[in-house]
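Working notes, beginning with the structure itself.
The values are calculated or read from the model by the stated rules, or taken from the named source; none is laboratory data. The structure presented is a predicted model; accordingly, all values stated were derived computationally and were not measured. Every residue, glycine among them, receives a Cβ derived from its backbone with ideal geometry; neighbour counts consider all protein chains shown.
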Amino acid sequence: MPTMTAVAYGERGSNPAAQHSFIVTEELAPTTSLEDVSLNWRNEPPEPRLKRAFIAEVARLVGMMHRAGVNHRDCYICHFLLHTDKPVTADDFRLSVIDLHRAQTRRAITPRWRNKDLAALYFSALDIGLTRRDKLRFLKDYFQKPLREILLKEASLLTWLDKKADKLYQRKVRYGDAL
């Protein structure tokens with residue numbers, strides 16, 4: 001998983017409930033979050049090939065993480081950093097995943113945690129102008145199965161994701177970014 005490289009860590013206290021810990025990582029720079037990259041996509045859409053490439057890579061990374069038994073717990077597009085040290089093209093770009101401090105690992109991810117990650121990711125992308133086709137592309141790349149099979153077998157999940165993302169969005173409208 002492309003992420004930050006740890007260089008030091010420490011912890012204080014033996015009681016897990018009162019423990020304090022820290023981690024120092026190498027800087028990922030220069031980078032821009034996908035949230036910032038996609039901020040104006042609704043009014044100024046990116047080149048279609050580039051948008052498809054970003055969607056495919058996010059789907060690949062999240063799918064790889066989930067298949068490895070890791071759920072992020074804060075799976076928002078702002079936690080995917082685009083490396084900007086060279087020109088970004090559909091054929092040549094690099095993303096890193098950050099803020100994994102709350103991530104959970106287990107032998108296999110449970111549907112509950114997988115679904116929460118997917119709902120958070122979907123919610124965070126609601127305002128960037130994704131089309132239905134973009135969302136279907138994500139599903140195909142994430143599940144690595146034919147779309148017809150996904151739409152049949154995951155119908156209840158897809159309905160739940162729509163409702164959950166909308167619920168999160170309504171909460172954001174009511175309370176702002178202080179979720």
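Observations on the model:
- Flag if ARG12 is touching an Asp or Glu at 6+ places or on another chain (Cβ under 7 Å), at pLDDT below 95, of a type in the set (Lys, Arg) and more than 22 Å from GLU154 (Cα to Cα): no
- Failed condition for ARG102, given (1) modelled with pLDDT of 95 or more; (2) in a loop (DSSP other than H, G, I, E, B): (1)
- A Cβ distance below 6 Å, combined with a sequence gap of six or more or placement on separate chains, defines the contacts here; from segment 31-55, residues that are within 19 Å of ARG133 (Cβ to Cβ) reach residues that are among the small types (Gly, Ala, Ser) and surrounded by fewer than 17 Cβ atoms within 10 Å (Cβ to Cβ) in the pairs TRP41/GLY129; ARG42/GLY129; ARG49/ALA90; LEU50/ALA90; ALA53/ALA90.
- Subset of segment 67-113 that is surrounded by fewer than 16 Cβ atoms within 10 Å (Cβ to Cβ) and of a type in the set (Gly, Ala, Ser) - its residue that is farthest from PRO2 (Cα to Cα): ALA108
- When segment 124-138 is filtered for residues that are touching a residue at least 24 places away in the same chain (Cβ under 8 Å) and more than 15 Å from TYR169 (Cβ to Cβ), the ones remaining, listed by number, are ASP134, ARG137, PHE138.
- Within segment 106-123, the set of residues being closer than 30 Å to ARG42 by Cβ and either touching a residue at least 60 places away in the same chain (Cβ under 8 Å) or assigned to a loop (DSSP other than H, G, I, E, B) (or both) comprises LEU121 only.
- Matching residues in segment 19-49 - criterion: being within 16 Å of PHE93 (Cβ to Cβ), touching a strand residue (DSSP E or B) at 6+ places or on another chain (Cβ under 7 Å) and among the aliphatic types (A, V, I, L, M): LEU28, LEU34, VAL37
- Summed over segment 124-138, residues that are crowded, with 19+ Cβ neighbours inside 10 Å and assigned to a helix (DSSP H, G or I) total 3.
- Meets criteria (more than 30 Å from HIS20 (Cα to Cα), surrounded by 20 or more Cβ atoms within 10 Å (Cβ to Cβ) and basic (Lys, Arg)) for LYS51: yes
- Within segment 81-99, the set of residues being under 15 Å from VAL58 (Cβ atoms) and in a strand (DSSP E or B) comprises LEU81, LEU82, HIS83, LEU95, SER96, VAL97.
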